[in-house]
Amino acid sequence: MLEVANLSADYGSFRALFEVSLEVEAGETVAVIGPNGAGKTTLMRVISGLLPPHSGTLAFEGRSLVGLEAHRVVEAGIAHVPENRRLFPRLSVEENLRMGAYLPAARARFTERRGWVYSLFPRLEERRNQLAGTLSGGEQQMCAIARALMSEPRLLLLDEPSAGLAPLVVQQVFDLVRRIREEGFTVLIVEQNVQQVLELVDRAYLLEAGRIALSGSAGELKASDTVRRSYLGL
């Protein structure tokens with residue numbers, strides 16, 4: 001479904017990604033793990049069209065994404081839940097959902113899609129008229145994911161969904177991601193909470209200093225001495 005090959009990306013004169021290659025098959029949940037500053041968010045920004053690649057190829061369902069504007073990437077079927085959620089804080093929950101359904105096809109099915117999203121996130125329906133900026137951290141993450149789902153994506157990008165949340169709320173967020181996976185969505189998730197995310201995904205890539213250092217099934221990465229020592233504290 002998603003194929004990234006030899007992808008490099010820069011911020012000005014700073015090289016953030018070095019010939020990164022990965023793939024995500026339809027129906028999979030795949031993680032990219034690694035330390036702060038490894039290039040995980042940069043990778044997500046390149047995939048979603050927010051940052052142009054320096055070199056390499058990027059294709060979704062056989063169609064090149066290189067040079068495609070961000071809103072065209074959404075039209076192609078990819079929705080990005082960015083780090084720190086980036087909601088519209090002075091808009092209500094429902095208005096944020098409406099912003100997620102801005103594509104013509106999604107606008108036509110707004111009522112149906114909204115009902116489905118509220119069935120996934122009943123708490124959001126209870127707070128549908130509440131300003132998004134007044135929600136708790138966990139509720140804001142729910143709203144950000146729900147907003148992305150309103151565009152009916154075939155691939156969902158989740159960038160650090162547990163960042164800045166209390167441990168109990170982190171577990172709730174991972175439970176939400178698990179439910180989305182069970183709904184049949186294909187998910188690429190960037191996450192620093194390595195132990196929890198490896199319990200959730202099918203496969204994972206370890207990104208260090210802008211390069212893929214290790215890849216394999218979730219079980220293989222959990223058993224890796226590098227991951228156990230550096231990320232699991234074992």
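Results, tabulated for the structure shown:
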quantity	calculated
Count of segment 195-234 residues which are among the hydrophobic types (A, V, I, L, M, F, W, C), in a helix (DSSP H, G or I) and farther than 26 Å from F60 by Cα	2
The listed residue being crowded, with 20+ Cβ neighbours inside 10 Å, assigned by TED's automatic domain parsing to the domain that holds S48 and at pLDDT 90 or above, out of I145, I189	I189
L131 being touching a residue at least 24 places away in the same chain (Cβ under 8 Å) and crowded, with 18+ Cβ neighbours inside 10 Å	no
Qualifying residue in segment 119-130 (condition: at pLDDT below 95, in a loop (DSSP other than H, G, I, E, B) and small (G, A, S))	no
Options R72, R45, R85; residue that is assigned to a loop (DSSP other than H, G, I, E, B) and of a type in the set (K, R)	R85
Checklist (1) assigned to a helix (DSSP H, G or I); (2) at positive phi applied to E19, failing item	(1)
Criterion (farther than 22 Å from V177 by Cα, touching a residue at least 40 places away in the same chain (Cβ under 8 Å) and surrounded by fewer than 16 Cβ atoms within 10 Å (Cβ to Cβ)) met by exactly one of E75, E19, E25, E69	E19
Failed item in (1) over 30 Å from G219 (Cβ atoms); (2) under 18 Å from the mean Cα position of the chain (by Cα), with L155 passing the rest	(1)
Selection status of Y205, within 18 Å of the chain's Cα centre (by Cα) and either aromatic (F, W, Y) or not assigned by TED's automatic domain parsing to the domain that holds V24 (or both)	yes
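The values are calculated or read from the model by the stated rules, or taken from the named source; none is laboratory data. Keep in mind that this is a model prediction, so the values were computed, not measured. Using ideal geometry, Cβ is built from the backbone for each residue, glycine included, and neighbour counts are taken over all protein chains shown.
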